[in-house]
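Down below is the structure, laid out as structure tokens.
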Amino acid sequence: MTSETGTHFESGGPLPLPRSVQQPGRAPYGEPEEQLDRLHSYFLEGCADEVRPVLEAVLVDARSIRNGYGDDEVGDGLASVWYAAAAIVELGAALELDDADVRGAAAAVAEACALPLSAARYVLFSEAVGNPRLLELPPLVAVEIQLGLLLGFDVLADVSLWVQSPSGIECITSLGSDDRPSRRIRAEANATLRRRSRLSLLGGSQLRSIPVLRFGETYAAIVGRLGSVEQDVDDGYLTAAAGALSPVIERERLLEHSAARERTLVASAERRLMRLGFDLHDGPIQDVLALAGDVRLLQRQVYPFVLEEYREQAHGRFDDLSSRLVELDRQLRELAHSLETKSVISRPLGEILHREVDGFAERSGIHTELEIRGDPDSLSSAQRITVFRAIQEALANVREHAGATNVSVRVRARRSAIELQIVDDGMGFEVERALAKAAQRGRLGLVGIGERVRMVGGTFELESAPGGPTTLKLTLPRWEPLTPP
């Protein structure tokens with residue numbers, strides 16, 4: 001979060017009371033309630049518009065925490081720590097965090113809690129690095145925020161995270177001044193991983209390392225070069241960081257196992273769909289072609305026996321039948337093609353979605369817009385297929401039932417999730433009643449979308465009412481493994 005006005009404060013400097021809460025005759029630090037207001041104003045300064053609602057929600061929660069303590073002075077101090085830690089994590093998740101935010105927040109916490117700055121730094125670091133919100137983010141994003149805080153609090157000048165792999169040790173991420181960790185850092189990481197070493201100092205140098213444990217066994221190692229924090233207190237920071245990384249890594253392991261099961265289930269389902277596509281091509285599509293040939297033959301055979309006055313009418317009826325068979329053949333081929341998912345997995349998702357939406361608009365004559373923000377290509381194969389199938393099914397429902405003239409499809413890829421919203425201006429319907437009837441009749445299109453979304457850990461919402469509009473929303477969490485499969 002970079003201030004345009006240049007009013008960020010270095011560590012040790014108090015935050016000024018914003019004009020919005022200054023009152024004549026009041027001391028600069030006023031009532032306890034104003035501590036949170038000052039912190040909130042500080043974090044709002046210069047941050048992106050999309051982050052502001054998140055910080056407002058954090059402030060509401062912090063005020064609830066403050067009220068829960070009962071004692072204004074104690075409650076405001078502790079709530080200020082909670083707010084500052086939560087705000088740091090949210091800004092980190094939105095890529096809006098810089099070191100000035102961390103230093104200024106530490107100074108504010110020191111003032112709010114009447115703590116020495118060194119103690120306020122550690123209290124705030126411990127609260128931020130273990131914030132539960134980190135467990136909602138993709139593990140790699142959470143790890144980078146946690147390790148980045150070691151840099152932001154000047155504990156380390158650079159830091160890296162290492163794991164053991166079948167081919168040796170592997171650097172998961174490296175932050176700070178060293179883009180490529182040196183041999184000495186690699187050697188320290190290797191020693192920590194293999195020997196399950198405690199906090200170590202290598203040859204009196206500035207290197208520090210600590211193991212990250214999973215069920216009591218060494219799973220990863222944090223290695224870094226000391227920053228400006230006094231050497232006799234850095235162990236506490238590293239211990240807190242290693243403890244906070246452990247549940248994040250455990251969540252990553254659970255997600256990895258879940259993703260493996262998901263891949264198995266999806267592969268099985270997609271094989272069935274592909275088999276269905278082949279069956280359509282080899283069966284009904286060929287039957288339609290044969291029927292079209294029979295109709296043409298029948299037309300030639302019957303035409304000479306039709307009375308002159310009825311020939312034009314008979315010719316028109318046969319042409320209608322031929323046109324309907326051509327359309328049926330097209331629809332069956334389109335359906336068979338849509339059941340193939342290799343291109344959905346292998347080609348850019350944006351390209352696939354544009355092709356699908358453009359094809360729908362051309363076939364249906366309904367004005368359709370597609371907006372994609374961010375990069376959606378980090379989704380797993382199952383999630384990509386889920387997004388594709390959801391759009392397919394939603395557009396099919398619009399064409400068949402909505403009577404709409406306009407449809408908008410919006411895909412937004414955030415750092416922690418991907419969001420899909422489809423809105424049409426059709427006639428609308430009563431959601432619960434329509435879904436119940438569809439399930440009873442075996443028409444499981446929208447119901448199936450909801451199940452697909454839940455299988456991959458997402459949420460699904462459908463909003464509509466008679467007269468419209470109808471809005472379908474789904475959100476899928478993004479997950480990138482710490483180590484490539």
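The values are calculated or read from the model by the stated rules, or taken from the named source; none is laboratory data. All values reported here derive from a predicted model rather than from experimental measurement. So basically every Cβ, Gly included, is an ideal-geometry build from the backbone, and we count neighbours across all protein chains shown. When the accessible area is computed, the model is the full protein with side chains, heavy atoms only, and any ligands, DNA or RNA have been set aside. Shrake-Rupley method; radii C 1.70, N 1.55, O 1.52, S 1.80 Å.
A Cβ distance below 9 Å, combined with a sequence gap of six or more or placement on separate chains, defines the contacts here; from the range 405-432, residues that are among the aromatic types (Phe, Trp, Tyr) reach residues that are open to solvent by 60 Å² or more (accessible area, probe 1.4 Å) in the pairs 429/401; 429/466.
In the set 413, 361, 417, only one residue is open to solvent by 10 Å² or more (accessible area, probe 1.4 Å) and either over 17 Å from the mean Cα position of the chain (by Cα) or farther than 29 Å from residue 140 by Cα (or both); that residue is 361. Count of the range 159-184 residues, restricted to those that are under 17 Å from residue 129 (Cα atoms) and open to solvent by less than 20 Å² (accessible area, probe 1.4 Å), is 4. For beta carbons closer than 9 Å, sequence separation of 6+ or different chains, a first residue in the range 441-467 that is open to solvent by less than 50 Å² (accessible area, probe 1.4 Å) and among the polar types (S, T, N, Q) and a second that is part of a helix (DSSP H, G or I) and modelled with pLDDT of 70 or more, the qualifying pairs are 464/431; 464/434. Residue-level check: of (1) open to solvent by less than 10 Å² (accessible area, probe 1.4 Å); (2) under 12 Å from residue 43 (Cα atoms); (3) at pLDDT below 85, residue 83 misses just (3). Listed by first and then second residue, the pairs with beta-carbon distance under 6 Å, at least 6 apart or on different chains, first residue in the range 90-116 and farther than 17 Å from residue 37 by Cα and touching a residue at least 12 places away in the same chain (Cβ under 8 Å), second open to solvent by 50 Å² or more (accessible area, probe 1.4 Å) and in a helix (DSSP H, G or I), are 90/54. Exactly one residue among 36, 124, 134 is under 31 Å from the mean Cα position of the chain (by Cα), more than 24 Å from residue 251 (Cβ to Cβ) and crowded, with 21+ Cβ neighbours inside 10 Å, and that residue is 36. Checking each residue of the range 40-60 against the condition of being touching a helix residue (DSSP H, G or I) at 6+ places or on another chain (Cβ under 9 Å), part of a helix (DSSP H, G or I), under 26 Å from residue 141 (Cβ atoms) and in contact (Cβ under 8 Å) with a residue 60 or more places away in the chain gives at least one match.
Per this entry, residue 228 is counted among residues that are out of contact with any Pro (no Cβ under 6 Å at 6 or more places or on another chain), polar (S, T, N, Q) and either under 23 Å from residue 181 (Cα atoms) or at pLDDT 75 or above (or both).
Condition check for residue 74 on (1) within 22 Å of residue 132 (Cα to Cα); (2) assigned to a helix (DSSP H, G or I); (3) among the hydrophobic types (A, V, I, L, M, F, W, C): one failure, at (1).
Inside the range 299-318, residues that are free of Cβ contacts under 8 Å to residues at least 12 places away in the same chain and either in a helix (DSSP H, G or I) or open to solvent by less than 70 Å² (accessible area, probe 1.4 Å) (or both) make up a count of 13.
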